[in-house]
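The values are calculated or read from the model by the stated rules, or taken from the named source; none is laboratory data. What you see is a predicted model; the values in this text were computed from it and never measured. Note that each Cβ is placed from the backbone with ideal geometry, even for glycine, and that neighbours are counted across all protein chains shown.
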Amino acid sequence: MANALKIISVLLSYPSAELLAAADELGEAIAVDRLTGPREKAWLRALVDDLGGRDLYDAEERYVLLFDRTRTLSLHLFEHVHGESRDRGQAMVDLGTMYEAQGFDIEAKELPDYLPLFLEYLSTQSPEEVHNLLGQTLHILSALRARLQKRDSIYANALLALEAIAGTEADAKAIEAILELPEDDPTDLKALDAIWDEEAVTFGGGAGNDACGPDRLRRQLRAAKHPAPRPEIRGEQ
């Protein structure tokens with residue numbers, strides 16, 4: 001499982017020359033991974049082959065349009081449940097503290113909720129903790145997968161594999177609440193500016209004095225049960 005999570009973390013990271021050149025190596029690692037089945041291996045291998053066959057500039061441009069200029073496809077988990085509310089800052093602190101407590105160091109410029117970083121952390125944890133924390137984020141991952149599939153994006157394969165690894169079903173209402181938010185058009189710069197200027201609302205309980213850890217993470221990641229009120233109303237490479 002740790003191996004598979006590391007591979008998915010790499011595949012969801014900003015494309016680099018090193019990543020594209022390592023396609024064969026990644027394919028070999030997928031083939032010998034013992035904790036993913038034939039279906040998951042096929043999904044991941046297809047994504048590896050796609051990346052390995054692309055020009056670096058093309059791969060970078062596609063990634064930016066999908067994940068950096070499309071808010072509803074952001075790879076920052078808390079973007080989908082906290083937006084830019086104050087609760088997001090506290091959730092970041094809690095998640096960063098959980099990493100630190102487990103001896104997982106991150107650079108100051110890295111945001112704790114960046115999905116590739118979160119998966120790298122999970123790759124160091126026990127199978128029980130992996131299933132626990134993946135399960136808590138599954139509604140977000142499932143919503144991202146659905147949006148990527150709608151765009152016919154091969155990146156949906158990585159999310160499909162994560163859903164399979166989680167080994168549980170996401171809350172359908174929580175997924176629906178995320179998917180109710182309108183899709184972004186990464187080529188409409190004027191509309192994007194307006195979206196980023198909106199003030200996000202809080203989804204669920206506010207920050208309290210609870211100890212950090214999986215239970216607190218569950219509360220921080222709980223999706224909205226209702227759509228955000230629009231009248232009052234941002235990743236890492």
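(1) touching a Lys or Arg at 6+ places or on another chain (Cβ under 8 Å); (2) closer than 17 Å to LEU181 by Cβ; (3) of a type in the set (Gly, Ala, Ser): which one isn't true of SER123, the others all being true?
For SER123, the exception is condition (2).
Can you find a residue in segment 63-86 that is touching a Pro at 6+ places or on another chain (Cβ under 6 Å), modelled with pLDDT of 85 or more, part of a helix (DSSP H, G or I) and surrounded by fewer than 18 Cβ atoms within 10 Å (Cβ to Cβ)?
Yes, some residue in segment 63-86 is touching a Pro at 6+ places or on another chain (Cβ under 6 Å), modelled with pLDDT of 85 or more, part of a helix (DSSP H, G or I) and surrounded by fewer than 18 Cβ atoms within 10 Å (Cβ to Cβ).
Would you call LEU141 buried (at least 16 other Cβ atoms within 10 Å of the Cβ), more than 15 Å from GLU163 (Cα to Cα), at pLDDT 85 or above and in contact with a helix residue (DSSP H, G or I) (Cβ under 9 Å, 6 or more places away or on another chain)? Break it down into steps so the answer makes sense when it comes.
On the way: buried (at least 16 other Cβ atoms within 10 Å of the Cβ): yes; more than 15 Å from GLU163 (Cα to Cα): no; at pLDDT 85 or above: yes; in contact with a helix residue (DSSP H, G or I) (Cβ under 9 Å, 6 or more places away or on another chain): yes.
Considered against the rule, which asks whether it is buried (at least 16 other Cβ atoms within 10 Å of the Cβ), more than 15 Å from GLU163 (Cα to Cα), at pLDDT 85 or above and in contact with a helix residue (DSSP H, G or I) (Cβ under 9 Å, 6 or more places away or on another chain), LEU141 comes out as no.
Just give me the residues in segment 26-59 being acidic (Asp, Glu), modelled with pLDDT of 95 or more and surrounded by fewer than 16 Cβ atoms within 10 Å (Cβ to Cβ), in sequence order.
ASP49, ASP55, ASP58 - these are the residues of segment 26-59 that are acidic (Asp, Glu), modelled with pLDDT of 95 or more and surrounded by fewer than 16 Cβ atoms within 10 Å (Cβ to Cβ).
Does segment 144-197 hold any residues that are at positive phi and at pLDDT 90 or above, and which are they?
If the condition is that a residue be at positive phi and at pLDDT 90 or above, then ASP152 is the only one that fits.
Residue check: is ILE8 more than 19 Å from the chain's Cα centre (by Cα), β-branched (Val, Ile, Thr) and crowded, with 17+ Cβ neighbours inside 10 Å?
Considered against the rule, which asks whether it is more than 19 Å from the chain's Cα centre (by Cα), β-branched (Val, Ile, Thr) and crowded, with 17+ Cβ neighbours inside 10 Å, ILE8 comes out as no.
For THR70, which of the numbered conditions (1) under 21 Å from GLU183 (Cα atoms); (2) of a type in the set (S, T, N, Q); (3) in contact with a helix residue (DSSP H, G or I) (Cβ under 7 Å, 6 or more places away or on another chain) fails to hold?
The failed condition is (3).
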